[in-house]
Protein chains: 4
Amino acid sequence: MAKTIVAVIGCGTIANNAHIPAYMANEDAEIKYFCDIRKERAEKAVLEYGCGTAVEDYRVIMEDPDVVAVSVCTPNNVHAQIAIDCMRAGKHVLCEKPAARTYKEALEMQKVQHETGQTLNIGVVNRFNKGVNIIKQMIENGELGELYHVVVSFRAHRSIPGLGGDFTTKAVAGGGALIDWGVHYLDIVMYCTGDPRPRTVTGQAYSKLGQDLRNYAYLSMWAGPPNYEGSYDVDDFVTAMIRTEGPSISVNGAWAQNIGVEETYIDFLGDKAGIRLQYGKEFTLYSAKHGALIESTPSYPNTNAFQEEIDGFIAGIHSGEKLPSHIDTVILTAQMIEAIYQSSDEGREVSLVEAGAPA
Amino acid sequence: MAKTIVAVIGCGTIANNAHIPAYMANEDAEIKYFCDIRKERAEKAVLEYGCGTAVEDYRVIMEDPDVVAVSVCTPNNVHAQIAIDCMRAGKHVLCEKPAARTYKEALEMQKVQHETGQTLNIGVVNRFNKGVNIIKQMIENGELGELYHVVVSFRAHRSIPGLGGDFTTKAVAGGGALIDWGVHYLDIVMYCTGDPRPRTVTGQAYSKLGQDLRNYAYLSMWAGPPNYEGSYDVDDFVTAMIRTEGPSISVNGAWAQNIGVEETYIDFLGDKAGIRLQYGKEFTLYSAKHGALIESTPSYPNTNAFQEEIDGFIAGIHSGEKLPSHIDTVILTAQMIEAIYQSSDEGREVSLVEAGAPA
Amino acid sequence: MAKTIVAVIGCGTIANNAHIPAYMANEDAEIKYFCDIRKERAEKAVLEYGCGTAVEDYRVIMEDPDVVAVSVCTPNNVHAQIAIDCMRAGKHVLCEKPAARTYKEALEMQKVQHETGQTLNIGVVNRFNKGVNIIKQMIENGELGELYHVVVSFRAHRSIPGLGGDFTTKAVAGGGALIDWGVHYLDIVMYCTGDPRPRTVTGQAYSKLGQDLRNYAYLSMWAGPPNYEGSYDVDDFVTAMIRTEGPSISVNGAWAQNIGVEETYIDFLGDKAGIRLQYGKEFTLYSAKHGALIESTPSYPNTNAFQEEIDGFIAGIHSGEKLPSHIDTVILTAQMIEAIYQSSDEGREVSLVEAGAPA
Amino acid sequence: MAKTIVAVIGCGTIANNAHIPAYMANEDAEIKYFCDIRKERAEKAVLEYGCGTAVEDYRVIMEDPDVVAVSVCTPNNVHAQIAIDCMRAGKHVLCEKPAARTYKEALEMQKVQHETGQTLNIGVVNRFNKGVNIIKQMIENGELGELYHVVVSFRAHRSIPGLGGDFTTKAVAGGGALIDWGVHYLDIVMYCTGDPRPRTVTGQAYSKLGQDLRNYAYLSMWAGPPNYEGSYDVDDFVTAMIRTEGPSISVNGAWAQNIGVEETYIDFLGDKAGIRLQYGKEFTLYSAKHGALIESTPSYPNTNAFQEEIDGFIAGIHSGEKLPSHIDTVILTAQMIEAIYQSSDEGREVSLVEAGAPA
């Protein structure tokens, strides 16, 4: 079989840490273009990976009939535009999370996917995580009994990324801790619990600890160093309570907070058993039997979720298989995140019952 | 000065662990009656403490002009009735928490207090806790900067009290984990943050793990042993999100859950500093200075909050001083708890903005 | 800007662990020579770092007009000679600590610095340590109140370096635990407390545990292995009490002792607060507020103090800025160390009041 | 044998915790008098122990020919007067530590002991401690090799006793941490090392943390509660360095300091082995053998040192045996303590070489 020709649009952290190495390791894929509006990044990738051509403008890629598929690894503000343009140009698309800055943009992307029939997967990489899939299976098997509530905690002491840069600029990123971290957590919840439709959403998002850019104390910074001339108008703390057709969900998340404890987990509360998943790590199952309380810690082979995501993307182009990362499956999360921001602005709960179902 | 004659109504756990020993240690107080509808409990107290008379009916106390003050340590369902009767009979009242089963009952108690002018304190004993008072002072001093959110967690693995008894019977207790534990946590939050008026309340309360009484696995049980013929219709898990005129508050609480980790704390999030109070224990202050993140753990003399509560009650009868445990100060908490239950029943957020201010 | 040409004289542990990597990472510096009387060491450096020329005799460096600056990383006995020769040859000098074997030698170095105007920094690298600088700032801000005493402890169970080699030979090193470790501790004390002038010094230094070279038991040895044919006539335990114009200072230090506990800290005792600095690690602040005792542990970004020392040296050559590691600032420490040895020899306290101020 | 009639002069903490129970448990002793200038204390003892007569004035005891022996448990300021009066009245005396407020007073007591031949033991109770005696024996056996230095640390975070009372009033107690705690530590050192004569003493004593009586933060207080109207003019921190005919000794001690770590130990440093004695607890021996470092923790039966002290006193009266707590053995400690205070006042080392030997 001829190799599938791909292009990587946006050559920042996630491209270099995940997409590019995974394409390099996929025997059926070949990278023809590295694209970045900061051209030196694209050129550095050409040098480092020893393949492809560096371009600044993704329209070169759109117009090259050789290119079958693209990864969109840009800041959030151009996700929708590039993904839509590429689908209309006949390319299959893997777009990093979040799908877009807003629910409306995400719906537009979904619409174009439905019109064109091109693949549109979103980078909800945890859906390829082995532990997450075991949890999903346990819940489906009824091993937890009735799953009535999920506690989501993504709280860090100091983890604002790239203070003053794209990550902390709402016009670019669409939001902060919620849209950047929360999207992963809520996506895991939705995936494991069978994508229950949300009914009510209430929440408050705060932009506090990075406001005084020069006096933000921290130990290390990813996507740094800080740009003290930049802007900071995104949420660094968010709280929310969501009712769905399935379990209710409570959320507390912080990129930064004045509590020096990192608590990053999802608790699935069932009436027969419960699970605490330490985000990105192992999980523990709590149950009871024979009058005893039982704590179980499963072990399983560590697989590379990013590799599985890319391999599935390439394979799915040819097989037509719809992956769990398909745009249709993440649209509910986009709706919930938008509703949290709306609720925060309005200071009251948002009902999604009458909102109509996303297609 | 002649001793203040008191009576203890209800001779269960809280009476024996807290009220009675504190009256015994107060040089100005003398217990004349121990009252309990299970008369053997009252008689046991007479024997054990070597003073007083055992009675079954609290009307004996109401009618004895010697009695100046009473402690109400009964189940929640008779708090309002007894407190009101005693105030109308000219007695000063210290009533255990929660004030009552419902907000309506609490308002009725408050009304009678205002009419009669008798003392009506509620057993919100944390308001006499040294650490809690230091936190309150720090917040008032502005040491936390703007306090924007409070995270409340009172989650235990297995701690349902007296399964099948008064505690788990809604008609008696008015509720479960929320009304029994949550009332303390919310009271601390309200006390430390200056009693901000609640604006919106959303929540869900679940009655799950004790439903199958015989198969409830546990390691130990306070107020036990279980009564397998009894009823279980109260919440063992509750989640909520509250907006107030001050900080927002998120709540997760469990008498029992299938997550084997005990997390019982209150996090006060300010933009200059934050505090984690381990309930009933020490607290930690997180701040930043000189570019460093600083974790501070204060130590202070352990005082007996129950003793201070009783001493303050007795002294206040004579001085007329209004204590922080006065019914007026805990009525907001009663309103919030009621609103959480209402929101849970209706599946939607409850607005208290138009509800009018409690007097 | 043309690069600053430097030479490294002495290619042992401190050169390879600190100076050379820091010059390599400094974009404005270029190493032209590696010099060591054991020429194979110099040649190894040329190979390993891929630059420079290996020489045996530092006079080659003195005579090369390209060389702007040198690091002196030799044993202590030739510090003064090389530093002085290089300054007179018009080079800027960064000399490892201690400045010299004796106070007299250090004064001579200072004199030549003043005459030539060339830079002479000493490798008191803790002055570039982030935590040390925060402590200094706290003390200057008055956060400790009156600082009345400092407890210095640098006691290890077994840490004699290079038994039988340069480190344990007085004619080469000038002393043992005091001059090698104590110099760092005393320098931190002087730096943080504003370089108070010493008034009285009493001390005793003992050379005990390494005396019987072959029977010295140990777990590991840096700058080893032992040379059983070598000499051992330096202090492995030292105790001292110093009065200054500021706080008094008590010192206990051991390269080796028959107490199996490592205690390496500096306690700053103030009447408002105190600090324990764990040498090379974090520090803890002890204070009191609101009637509570408070223990605070700051965190801050780890910076590479050696890199800052080298970067500051190179930058200072051009800017003329006087660094905190300037010879003028460490001369008091040299005086104190000399006085401890003198006091030990004479068995009585040494007064420095009449000694006159070092320039 | 007829019982030995004794009297206890001073009925405070040390009398009730140590002397009285030990006399009660000694079959050969009988308490005839409890004496205290606060007569209610004496009366309380009569009630509590069911024997003896309460008196206010110790001259009653002096004049009663039945009384053979007395314990002096008063504040330090009357130790000398009472002990001397009682000896001259023909009584044997056990006087609590320190012998007196000053060396001069102690010498006077010793002189009268020599003149009268009556027993004069001082309450250096550690000389009856089992572990201390094992250490003494090990040192005498040469198991530590040459003992060259002793590190003394009696540092507590907050332990000022009876703030504002006798303990913190120099005119009564003679001093603070040094005379109250330090005397025990130095006495152990002297006892274990064979009472080496001191040669030079330098030290500084500070009175800091209790100065602002009302703002002294603490967790608990022995000999409390504080008297905010009282005085505070004694040392709460002391540092010293002592040369003796035997080992040198370094001392750091604190009744209170802003370092939140309790370090209360004595380290005996020998060139063959060393011992850390945790004050009042176990000890650890560090040695080396066969190229290995060895840590040894001995266990031995716990005996009651106070009982042994009293039993030895009573038995010694009849046998004439001179106990290790004889005034002759503790006079050196009194000299050292006085010299530390003198050195602190004068800001310079005190030489005891020419001071002449205490008899």
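The values are calculated or read from the model by the stated rules, or taken from the named source; none is laboratory data. The structure displayed is predicted, hence computed values, not measured ones. FYI the Cβ positions are ideal-geometry reconstructions off the backbone, even for glycines, and counts take in every protein chain you see. For accessibility, only protein heavy atoms count, side chains too; no ligands or nucleic acids. Shrake-Rupley method; radii C 1.70, N 1.55, O 1.52, S 1.80 Å.
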**Request:** Please determine, in degrees from 0 to 90 and to the nearest 10, the orientation of helix C:103-116 with respect to the longest principal axis defined by the Cα atoms of chain C, where the helix direction is its Cα long axis.
**Result:** 50
**Complete:** When the charge dipole of the protein assembly as shown is computed with +1 on Lys and Arg Cβ and -1 on Asp and Glu Cβ about the Cα centre, the Cα farthest towards its positive end, among A:Ala45, B:Met190, A:Gly291, belongs to A:Gly291
**Prompt:** Longest span of chain D, sites excluded, free of chymotrypsin sites (Phe, Trp or Tyr not before Pro) in DSSP loop with at most 11 other C-beta atoms within 10 Å?
**Reply:** D:1-221
**Complete:** Any residue on another chain or 5+ positions along whose placed amide H is under 5 Å from the amide H of B:Ala29 is listed here as B:Thr4
**Fill in**
Connecting every pair of Cα atoms under 10 Å apart in chain A and solving the GNM, the largest mean-square fluctuation among A:Glu96, A:Glu48, A:Glu338 falls on A:Glu48
**Request:** State, to one decimal in nm and shortest first, how far the label point of C:Lys281 sits from each corresponding label point in the other identical copies (label point: 7 angstrom along Cα-to-Cβ).
**Result:** 1.9, 2.1, 2.2
**Prompt:** Over the heavy atoms of A:Leu293, what accessible area does a 1.4 Å probe trace out, to the nearest 10 Å²?
**Reply:** 40
**Helix-derived mean residue ellipticity, 222 nm - over the protein assembly as shown, DSSP H n ≥ 4, -39500 (n - 2.57), to 500** = -9000 deg cm²/dmol
**Asked** Who wins for biggest fluctuation among B:Glu245, B:Glu263, B:Glu309 in a Gaussian network model of chain B, springs between alpha carbons below 10 Å?
**Response** B:Glu245
**Message:** For a quick check, take a GNM of chain A with Cα springs below 10 Å and name the residue from A:Lys281, A:Lys289, A:Lys91 with the largest mean-square fluctuation.
**Reply:** A:Lys289
**Prompt:** Between their Cα atoms, which of C:Lys136/C:Lys281; A:Lys32/A:Lys91; B:Lys3/B:Lys32; D:Lys111/D:Lys322; C:Lys39/C:Lys104; B:Lys272/C:Lys130 are more than 19 Å away from each other?
**Reply:** C:Lys39/C:Lys104; B:Lys272/C:Lys130
**Over the stretch C:206-302, relative contact order from alpha-carbon pairs under 8 Å, at least 6 apart, %** = 15
**Fill in**
Expected vector for the stretch D:278-290, Karplus 3J(HN,Hα) from phi with 6.51, -1.76, 1.60 and θ = phi - 60°, integer Hz, x for Gly and Pro, equals 6, 3, x, 9, 7, 10, 10, 10, 10, 9, 9, 7, 6
**Message:** Calculate log10 I(q)/I(0) of the stretch C:1-96 for q = 0.14, 0.16, 0.22 Å⁻¹, where I(q) comes from the Debye formula with a single equal point scatterer on each Cα and nothing for solvent.
**Reply:** -0.42, -0.55, -1.10
**Complete:** So C:Gln278 and C:Glu245, fully extended at 0.36 nm per residue minus their Cα-Cα distance, gain in nm 9.4 nm
**Message:** Rounded to the nearest 5, what % of DSSP beta bridges with both residues in the protein assembly as shown are antiparallel?
**Reply:** 60
**Item:** Per-residue mean of C-beta atoms belonging to partner chains within 10 Å, peptide C:264-277
**Value:** 4
**Prompt:** For the stretch D:315-332, in order, what is each residue's ³J(HN,Hα) by Karplus, 6.51 cos²θ - 1.76 cosθ + 1.60 with θ = phi - 60°, in whole Hz (x at glycine and Pro)?
**Reply:** 5, x, 4, 8, 8, x, 5, 7, 8, x, 9, 4, 3, 4, 8, 9, 5, 5
**Request:** Mind listing the long-range amide H neighbours of C:Cys95? Cut-off is under 5 Å, sequence gap 5 or more, other chains count too, H placed in the peptide plane at 1.01 Å from N.
**Result:** C:Val72, C:Asn121, C:Ile122, C:Gly123
**For residues of A:253-263, the mean tally of beta carbons on other chains within 10 Å** = 6
**Request:** For C:Gln81 paired with A:Ser231, estimate the spin-label separation in nm (one decimal), with each label point 7 Å from Cα along the Cα-to-Cβ line.
**Result:** 6.7
**Asked** Given a 1.4 Å probe, how much area per residue of the stretch C:105-177 is accessible, in Å²?
**Response** 28
**Prompt:** Which value, in Å² and to the nearest 10, is the accessible area of A:Thr284 when all protein chains are kept and the probe is 1.4 Å?
**Reply:** 20
**Asked** Between copies, how close do the B:Tyr49 label points come, placed 7 Å along Cα→Cβ, listed in nm from shortest?
**Response** 3.7, 7.8, 8.1
**Prompt:** Remind me, relative contact order of chain D in percent, using alpha carbon pairs under 8 angstrom and six or more residues apart?
**Reply:** 20
**Fill in**
chain A: spread of alpha-carbon positions along the three principal axes, whole Å, largest first, is 63, 51, 41
**Other copies of B:Leu219: label-to-label distances in nm, shortest first, labels 7 Å along the beta-carbon direction** = 2.5, 2.9, 3.4
**Message:** With respect to the axis carrying C onto A, what is the closest chain C residue by Cβ position, and how many angstrom separate it from the axis?
**Reply:** C:Gly50, 14
**Fill in**
Listed by chain and number, the residues whose amide H is under 5 Å from that of A:Gly176, excluding neighbours fewer than 5 places away on the same chain and using placed H, are A:Asp235
**Request:** Only counting protein heavy atoms at a 1.4 Å probe, give the residues of the stretch C:318-349, ordered by number, whose accessible area falls by 20 Å² or more when the other protein chains are present relative to the chain alone.
**Result:** C:Gly347, C:Glu349
**Fill in**
Averaged over residues of B:30-36, the number of beta carbons from other chains lying within 10 Å of each residue's Cβ is 0
**Asked** Cα convex hull of the stretch D:269-359: how many Å³ per residue?
**Response** 201
**Request:** Relative to the longest principal axis of the C-alpha atoms of chain C, give the angle of the C-alpha long axis of helix C:39-49, reported between 0 and 90° and rounded to the nearest 10°.
**Result:** 90
**Asked** Leaving out ligands, DNA and RNA, what percent of the accessible area of chain D is carbon and sulfur, probe 1.4 Å?
**Response** 48
**Prompt:** Can you give the accessible area per residue of the stretch B:232-329, in Å², using a 1.4 Å probe?
**Reply:** 32
**Fill in**
Mean separation of Cα contacts under 8 Å (at least 6 apart) over the residue count of the stretch A:72-217, i.e. the relative contact order in percent, is 24
**Prompt:** Given labels modelled 7 Å from the Cα in the Cβ direction, how far is it in nm from C:Asn302 to B:His318?
**Reply:** 6.2
**Asked** How many nm separate the modelled label positions at D:Asp64 and C:Val353, each set 7 Å beyond the Cα in the direction of the Cβ?
**Response** 5.5
**Prompt:** When the Karplus curve 6.51 cos²θ - 1.76 cosθ + 1.60 is applied with θ = phi - 60°, which whole-Hz ³J(HN,Hα) does each residue of the stretch C:206-221 get, with x for Gly and Pro?
**Reply:** 10, 10, 10, 6, x, 3, 8, 3, 6, 9, 6, 8, 7, 9, 8, 9
**Asked** How many square angstrom of accessible surface are buried between D and C, both sides summed, with a 1.4 Å probe and rounding to 100?
**Response** 3900
**Complete:** Largest-first ranking of D:Thr297, A:Thr4, C:Thr102, A:Thr193 by accessible area, probe 1.4 Å, whole protein assembly kept, is D:Thr297, C:Thr102, A:Thr193, A:Thr4
**Complete:** Quick P(r) readout (the stretch B:196-280; Cα-Cα; 5 Å bins; whole %) gives 3, 11, 16, 20, 17, 12, 10, 7, 3, 1, 0
